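S.K.: Below is one structure. I have some questions about it.
The values are calculated or read from the model by the stated rules, or taken from the named source; none is laboratory data. From a predicted model like this one, the values you see are computed outputs, not experimental measurements. Reconstructed Cβ throughout: ideal geometry from the backbone, glycine too, with neighbour counts over all protein chains shown. Ligands, DNA and RNA are stripped out before the accessible areas are found, and what is left, the full protein with its side chains, is counted by its heavy atoms. Shrake-Rupley method; radii C 1.70, N 1.55, O 1.52, S 1.80 Å.
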Amino acid sequence: MFTTVAPRLAADRTGLLRELPVRPAASAARTFRGNGPIEDDGLDRYLADMVGAYGRSYDPEFLAKAQVTSYTTMASTVVAELTPGVDTLRRIVLAFATPDIDSRASAGCYLVEAAPGRPTVFCVSDQGVTAPFTALRLAADHLRDAAADARTALVVLDQRNLPWEVDATERVPAEDVAVAYAFRPTAPGETGVLLGQRTEVDPAAAAALLVDVLDEISARDGRPFALVAGYDVPVTAEVALRAERVHRVGRGTLCTGIWTTARQLTGRTVLAEYDPVLRYLTVLAWDPTW
């Protein structure tokens with residue numbers, strides 16, 4: 001039997017940041033073209049019920065028109081690309097902002113069998129674009145006091161098809177994208193990933209709070225960093241002054257945008273996301289060694 005508890009909260013946090021005892025060790029990413037039409041197999045009724053429960057309108061022709069890549073296909077592909085040299089993954093955590101259109105197979109259940117080492121697998125959603133940050137915390141918590149060769153993985157997913165009507169104000173991914181990161185435990189004397197998560201952040205206060213977090217990151221060691229900012233992150237002049245370079249993510253991604261960009265960078269890197277609807281601000285700093 002596997003049992004788990006909530007991740008540690010205050011014990012590893014000072015100021016606005018907590019330190020996770022992990023470092024990124026490898027990454028993989030893939031864009032998928034999609035397949036269609038999808039066989040019904042009860043999906044039409046399921047999607048209609050799911051959408052209707054939230055007061056949305058469902059298109060009965062959706063399955064016949066959509067080009068879909070399931071989360072199971074996306075996640076298993078990038079995990080396979082991530083793990084050629086990894087004997088065992090202890091935990092995989094999936095993160096996404098929208099539900100899987102093709103729910104006939106569970107991505108988590110499939111990965112338990114397909115990934116090396118039969119890892120425990122969890123999913124994080126209902127946190128908008130900030131879901132991957134919570135997922136990373138869950139993945140990192142499993143490496144506390146682990147052996148040096150232990151690994152966990154974070155898998156971030158975007159799916160471009162939504163089964164409800166979308167207005168011009170709603171962000172929709174332009175492509176089916178999956179990004180995966182493997183993490184290893186920190187060695188003695190190494191700094192882990194610095195993570196800041198704040199809720200109830202009013203849009204008018206988000207920029208000032210982000211400046212405070214960036215200043216705290218700089219105060220740790222004074223090193224310059226590149227900032228990878230999500231689409232809704234308020235990159236004011238004050239924010240931009242804190243970074244050596246700013247990489248801004250476009251509108252055509254949800255969860256995967258900053259994580260796809262970050263895997264192309266080396267050295268001190270800060271990732272930031274803000275969800276103006278949920279009012280969550282999340283920031284992390286790490287030193288990838290690809």
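S.K.: When you scan segment 119-138, do you find a residue that is open to solvent by less than 50 Å² (accessible area, probe 1.4 Å), over 19 Å from residue 173 (Cβ atoms), in a loop (DSSP other than H, G, I, E, B) and in contact with a Ser or Thr (Cβ under 7 Å, 6 or more places away or on another chain), even just one?
M.R.: Checked segment 119-138: no residue is open to solvent by less than 50 Å² (accessible area, probe 1.4 Å), over 19 Å from residue 173 (Cβ atoms), in a loop (DSSP other than H, G, I, E, B) and in contact with a Ser or Thr (Cβ under 7 Å, 6 or more places away or on another chain).
S.K.: Could you pull out the residue among 239, 246 that is modelled with pLDDT of 95 or more, open to solvent by less than 40 Å² (accessible area, probe 1.4 Å) and farther than 26 Å from residue 82 by Cβ?
M.R.: 239 is the lone residue from the list that is modelled with pLDDT of 95 or more, open to solvent by less than 40 Å² (accessible area, probe 1.4 Å) and farther than 26 Å from residue 82 by Cβ.
S.K.: Only residues that are of a type in the set (A, V, I, L, M), crowded, with 24+ Cβ neighbours inside 10 Å and closer than 19 Å to residue 98 by Cβ: list them for segment 255-280, please.
M.R.: Within segment 255-280, 258 is the sole residue that qualifies.
S.K.: Now for a separate question. Do we find that residue 47 is modelled with pLDDT under 85 and not assigned by the TED database to the domain that holds residue 208 in this structure?
M.R.: The answer is no for residue 47.
S.K.: Now a separate question. Considering only segment 6-24, I want to know if a residue exists there that is modelled with pLDDT of 95 or more and polar (S, T, N, Q).
M.R.: no
S.K.: Still on this structure, please answer the following. Of all residues in segment 70-108, which are more than 25 Å from residue 37 (Cβ to Cβ), open to solvent by 10 Å² or more (accessible area, probe 1.4 Å) and over 17 Å from the mean Cα position of the chain (by Cα)?
M.R.: Within segment 70-108, 80, 81, 83, 84, 85, 86, 87, 88, 90 meet the criteria.
S.K.: For residue 209, state whether it is within 30 Å of residue 150 (Cα to Cα), hydrophobic (A, V, I, L, M, F, W, C) and out of contact with any Ser or Thr (no Cβ under 9 Å at 6 or more places or on another chain).
M.R.: No.
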